[in-house]
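Scroll down for the structure; my scribbles are underneath it.
What follows is calculated from the coordinates using simple rules that are stated; it is not laboratory data. Owing to the predicted nature of the structure, the values given are computational and were not obtained by experimental measurement. Positions of Cβ are backbone-derived with ideal geometry, glycine not excepted, and every protein chain shown enters the neighbour counts.
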C-alpha cells in the first residue's frame, strides 16, 4: 500500500493528499449521520464563515514557509475592523478606508519584518510585540464594539452571489478565492516564491546562492500583514462591526490550519492548497459540532488539538521514512 | 553585576523610579495586621505565578525548545483542584491531584518532543489548543467557586508575615537553582540545548533530560494554576492563565536567555518576570489608561529586545561595540554577552 502510493504520487504531495482525504471522509461521515448535511451549500457555508481565516492563513503560509511565524495576525485583524469602523463613522469614503486599512496592515508587517531581519530578533518575539501593539492600538482607539452602517460594507455583507440552483456565496468568498489564486501563482510560479521556499529550506545556503533573502523576509511579513488587514476587512463585512476583542486567538487557528495542511513549521516545505484544506477542515469541525447540537463549543478545541496531533505524527512518519 | 542581567535590571530600576516619581510612597513597606504591606509586596505576590511558569520555561528554552502549553496547564490544574475540592476531596489531595496531572501532561509534551521527535513549538501547540478545551470540559464551561479557607492560603494567605505565594515561588526558585547549579543537571541541560545530537553521542541521555524539563515546566505551571485558582477562590477554564505562556517566554527572553538554547539565566528570568509584573502594576499606579496597557507593554518589550540585540546595538551605536562587527553567523553555544 505505502509502496504503491509512494510510486504513484511523489512523497511531497502525500500530506496534502491525506488532508484532502480526511476532508472528504469527514464530509461523508457527516453526510451519513446528519440530515441535510450532504449538500454543496454546507461546503459553501464553510467558505462563507471562514473567508477571513482563509485569507489570514494564506499570509501565514508565506511566513511559515520561510521558517518564521507570525503571532500578530489575530490582533491585526481586530485592528483592521476597528480602524475601518472608526474611519467609516467619521465619514470617509469606503474605498479610502479600505486602502488605508490595507496600508496599515502591510506597514506594520513590514515593520516587524525589519525588526526580524535587520535587528535579528526572533520572529516569535518580534511578532509577539506586534501582537501586543496591534491589540493595544485597538483598545486605545476604543473599548466598545463600533457598528458599521456604511452602505458599501452592508451591501458586501448581505449580497448573495448566486451559483446556479439554490447555491450562493458571499462576495468575501470571491475575494478570498482570488487571494488564494494570486498567492498560489506567486508562491509556485514566480522567482519570489522560489526564494521563499529556498529561504525556509536553508537561509544560509539561500544567501550564499545570492538569493535576495533580506527582501524575501521583509516581503513575507509584509504579505502576512497585508493579508491580516484584508482578512480584517472581510471580518468587518461579516460582523458589520469593529471591536478590539474580535479574532482573539485567530493566530492559533491560522497556524493550525497551515500545519494541518501539511506545511512544516521548520519552513521550506508545503503547499498553499494544503492551507486551504486546513481551513476547510477547521470550518467543517465547527459545522459538525453545530449539526450535532449537543456538543459544547470546547469540543471544537479538543478536536482541533487531536487533529493537530494526528497530522503532526503523520508528517513525522512520512518525513522519518525519507531519511 | 553580570552584563547579561544589566539591561533587565536597568529597566526594572527605571520602572520603579518612574513609580516613585508618580507615587512618592511607592517603595515603602509597612506592617499591618502582622503582615507586610506595600506595592513592592503586591508586585511580588501577583508576580509569583508568572515567576513560577517562567522558571520552568527557562529550562525548556535552555534545551532549545519552547512550551506553549503552560497557560492551558495552568487552567487545567486550577480547574481540577477546584472541582475536586467542590466535590469534597481534601485540599491536600486535590492539590496533589492537580499537580500530578500537570506533571503527566508535561511528560506527554516531553515524550512528543524527545521520543517522537516533533518540533517543540508544534508539539506543545497541540496541548495548548486541546488543553484549553479540556479545562472547559472539566469545569463544564462554568466558573467553579470554592470557599475553603485552607485552599485560600496557597494564593491569598500569609506565612511568616509574607504572602504564601511569594514563599512558594521562592522555594521553587531555590530548588531549581540547587538542581541546576549545584548538581550537574544544569550543565546537562545547557549541553542538550547547545547540541542535542552531540550530547547524545557524548553519552548523555538527551531524551530523559528533555522529558524531565518539559515535565518540570508543566509542574511549575500546575503549581501556578493552583495558586491562581486559590487567589480568586475559583476556577475559570476559559481565562485562567490565558496568554501566560507569552508573558513567560517574554520574561525568559528579557532575562537574557536565548531562544536558540544553550546558556540560561534563572536570575535573569526572575528579573524578567518582575519587569513584566512591575510594568503591569506601573500602568495602573501612574494612571495610564488601562486601555493602553498593551500598547505600553509592546513598546517596553520592543525596547528591551532591541537593546539586547547585538545587531541593533552594533547598527545604532557602532562605536561602542567591538571594532569588528559581529559576524552574522550565530554560534549556538556562544555565551550571550
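Along each of its three principal axes, how wide is the spread of alpha-carbon positions in chain A, in whole angstrom units, largest first?
Here the Cα extents, ordered largest to smallest, are 62, 56, 35 Å.
Based solely on its DSSP helices, what 222 nm [θ] is calculated for the protein assembly as shown when runs of n ≥ 4 H residues each add -39,500 (n - 2.57) and the sum is averaged over all residues, nearest 500 deg cm²/dmol?
Taken over the protein assembly as shown, the calculation gives -23500 deg cm²/dmol.
Compute the separation of the alpha-carbon centres of segment B:154-195 and segment A:275-312 and state it in Å as a whole number.
Spelled out, the Cα-based centre of one part sits 39 Å from the other.
Have a look at B:298, B:84, B:218 and tell me which one the Gaussian network model of chain B (Cα, springs below 10 Å) gives the largest fluctuation.
Looking only at B:298, B:84, B:218, the largest GNM fluctuation is found for B:298.
Just A:268, A:293, A:142 to compare: in a GNM of chain A, with alpha carbon springs under 10 Å, which one fluctuates most?
A:293
Tell me, what is the FRET efficiency for residue A:96 and residue A:32 to the nearest 0.05, using R0 = 51 angstrom and their Cβ-Cβ distance as r?
0.50
Just to confirm my numbers, what's the Cα centroid distance between segment A:31-84 and segment A:160-198 in Å?
Centre-to-centre distance over Cα atoms comes out at 12 Å.
How crowded by other chains is B:152-159, given as the mean number of beta carbons from other chains within 10 Å of each beta carbon? Don't skip to the answer; put the middle values down first.
Details: counts 0, 0, 0, 0, 0, 0, 0, 0.
Average neighbour count from other chains, rounded to a whole number: 0.
Using the count of nearby Cβ atoms within 10 Å as a rough guide to exposure, how do A:238, A:34 rank from fewest to most? Before the final figure, lay out each step's value.
Working: A:238 19, A:34 16.
Lowest to highest Cβ neighbour count: A:34, A:238.
From Cα pairs below 8 angstrom and at least 6 apart in sequence, can you work out the relative contact order of chain B, rounded to a whole percent?
Values: 580 pairs, mean separation 107.3, N = 337.
Once normalised by length, the contact order is 32 percent.
Suppose the chain between residue B:303 and residue B:10 were pulled fully straight at 0.36 nm per residue; how much longer would it get relative to their current alpha carbon spacing? Working shown, then result.
Values: separation 293, 0.36 × 293 = 105.48 nm, distance 1.22 nm.
Between residue B:303 and residue B:10, full extension yields an extra 104.3 nm.
With every atom except the alpha carbons ignored, what do you get for Rg and Dmax of segment A:85-150, in angstroms?
14.6, 43
How crowded by other chains is B:303-310, given as the mean number of beta carbons from other chains within 10 Å of each beta carbon?
Values: counts 1, 2, 8, 5, 0, 3, 8, 2.
Counting Cβ atoms of other protein chains within 10 Å of each residue's Cβ and averaging gives 4.
What FRET efficiency comes out for residue B:23 versus residue B:174 if R0 is 41 angstrom and r is the Cβ-Cβ distance? Round to the nearest 0.05.
Values: r = 31 Å, r/R0 = 0.77.
Plugging the Cβ-Cβ distance into 1/(1 + (r/R0)^6) gives 0.85.
Quick check on the exposure proxy: order B:216, A:192 from fewest to most C-beta atoms within 10 angstrom. Spell out each step's value before the answer.
Values: B:216 27, A:192 16.
Listing B:216, A:192 from fewest to most nearby Cβ atoms yields A:192, B:216.
What ranking do B:263, B:132, B:181 get, fewest neighbouring Cβ atoms within 10 angstrom at the top? Write down the numbers at each step before the final one.
Numbers: B:263 20, B:132 27, B:181 12.
Fewest-to-most Cβ neighbours within 10 Å comes out as B:181, B:263, B:132.
So if we plug the beta-carbon distance of residue B:198 and residue A:120 into 1/(1 + (r/R0)^6) with R0 = 30 Å, what FRET efficiency do we get, rounded to 0.05?
Values: r = 24 Å, r/R0 = 0.81.
Calculated transfer efficiency: 0.80.
What is the Cα centroid distance between segment B:266-299 and segment B:35-84, reported in whole angstrom?
Taking the Cα centre of segment B:35-84 as reference, the centre of segment B:266-299 is 16 Å away.
I'd like to know how chain B sits against the 2.2 N^0.38 Å rule of thumb: what's its Cα Rg over that expected value? Please list the in-between numbers first.
Values: Rg = 20.3 Å, N = 337, 2.2 N^0.38 = 20.1 Å.
It is 1.01.
Highest GNM mean-square fluctuation, chain B, Cα pairs closer than 10 Å: which of B:105, B:162, B:50?
Maximum fluctuation in the GNM of chain B, among the listed residues, is at B:162.
Length gain on complete extension for the stretch residue A:25 to residue A:144, per 0.36 nm per residue less the alpha carbon to alpha carbon distance?
Working: separation 119, 0.36 × 119 = 42.84 nm, distance 4.19 nm.
The span from residue A:25 to residue A:144 would gain 38.7 nm if fully extended.
Extending each Cα 7 Å along its Cβ direction at residue A:317 and residue A:167, get the distance between those two points in nm, one decimal.
Going from the residue A:317 label point to the residue A:167 one covers 3.3 nm.
Report the gain in length on full extension from residue A:13 to residue A:188: 0.36 nm times residue separation, minus Cα-Cα distance, nm rounded to one decimal.
Numbers: separation 175, 0.36 × 175 = 63.00 nm, distance 1.39 nm.
Here the answer is 61.6 nm.
Between residue B:291 and residue B:232, how many nm apart are label points set 7 Å from Cα along the C-beta direction?
Between residue B:291 and residue B:232, the label points sit 2.3 nm apart.
Residue A:177 versus residue B:315, label points 7 Å from Cα toward the beta carbon: distance in nm?
4.2 nm
What is the Cα coordinate range of the protein assembly as shown on the first, second and third principal axes, sorted by size from largest, in whole angstrom?
78, 58, 57
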